[in-house]
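The values are calculated or read from the model by the stated rules, or taken from the named source; none is laboratory data. Just so it is clear, the structure is predicted and the values come from calculations on it, not from any experiment. Methodologically, a virtual Cβ is constructed for each residue, glycine included, from the backbone with ideal geometry; neighbour enumeration extends over all protein chains shown. Areas reflect the complete protein model, heavy atoms only, side chains present, ligands, DNA and RNA absent. Shrake-Rupley method; radii C 1.70, N 1.55, O 1.52, S 1.80 Å.
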Amino acid sequence: MLTVIKRIGCALAAVCICVGVSACSKDDMTPMEKVQKQLSEMESCICTATVTRISNKGETTYETKQYNRSTGEYRLEITAPESMAGNFTVYDGKTVSQYNAATGETVELELPDGQKGNELFPCSFVRNYLQSEDVAVDTSVSLDESKCTVLEAVIPGGNRYIATEKMWVDNETLLPLKFVIYDEDGGERYVIIYNEFQYNPEIDDSVFKA
């Protein structure tokens, strides 16, 4: 069932409004409500993911390990292909830095004003989703053998190459399975398949240092 929701932030706050003094139990919630609640409570995550970048020159695929906080900090490590293994990009809340394992050099990246390079990360998607005026939700999508809820959001900033995004979340485990970023014409630009995903782990500040 495809549903369009306006001002989802307000809707989430009302997910568990119950009559009288009774509380809304998880068993009483719809799959969409469970997924939204789980994502809205995500303060950090660690995941391994296969990232495919698609451009007019073709496709490039990387195996990655990602660390992310809802406050914005992130770290993306490349684990494959072998030629790039050990490279990583980090954002400590102020500066985006990139480490090259082959040379041992770390450089600070200059990004356009207002950008942090965090578009590939789950917490960024959740923030965009909660802030979007209009969002689409489909609660009956099949992905492999899983029934999923698909959430869609607009990426702020007006970049024609990364305009909208969708996340597929398993209705049973509530774990993200797939994340796709689209250009303004609806073409896929990044396809991310999550292999492992952990909600709200403790992440030491040193992880986000170059």
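Details
- The condition of being of a type outside the set (A, V, I, L, M) and touching a strand residue (DSSP E or B) at 6+ places or on another chain (Cβ under 6 Å) holds for only one of GLU202, GLU172, GLU184, GLU188, that being GLU188.
- Hits in region 46-60 (condition: touching a residue at least 40 places away in the same chain (Cβ under 8 Å) and farther than 15 Å from CYS123 by Cα): THR50, VAL51, THR52, ARG53, ILE54, SER55
- Reported count of residues in region 45-54, each being open to solvent by 10 Å² or more (accessible area, probe 1.4 Å) and either of a type in the set (Gly, Ala, Ser) or in contact with a Lys or Arg (Cβ under 8 Å, 6 or more places away or on another chain) (or both), is 4.
- Restricting LEU12, LEU39 to residues that are within 20 Å of GLU172 (Cα to Cα), modelled with pLDDT under 90 and in a helix (DSSP H, G or I) narrows the list to LEU12.
- Residue check, LEU177 open to solvent by 30 Å² or more (accessible area, probe 1.4 Å), hydrophobic (A, V, I, L, M, F, W, C) and part of a helix (DSSP H, G or I): no
- Take the conditions (1) within 21 Å of ARG160 (Cβ to Cβ); (2) open to solvent by 60 Å² or more (accessible area, probe 1.4 Å); (3) at pLDDT 95 or above; SER124 misses just one of them, which is (2).
- Some residue of region 134-150 being basic (Lys, Arg) and within 18 Å of the chain's Cα centre (by Cα): no
- Region 132-173, subset of a type in the set (S, T, N, Q) and not in a strand (DSSP E or B), residue surrounded by the most Cβ atoms within 10 Å (Cβ to Cβ): SER132
- Residue in region 23-30 that is part of a helix (DSSP H, G or I) and either touching a Leu at 6+ places or on another chain (Cβ under 6 Å) or modelled with pLDDT of 90 or more (or both) present: no
- Taken across region 93-114, residues that are surrounded by 12 or more Cβ atoms within 10 Å (Cβ to Cβ), of a type in the set (Asp, Glu) and at pLDDT 95 or above do not occur at all.
- Some residue of region 141-160 being in contact with a strand residue (DSSP E or B) (Cβ under 6 Å, 6 or more places away or on another chain), more than 29 Å from ASP205 (Cβ to Cβ) and among the hydroxyl-bearing types (Ser, Thr, Tyr): yes
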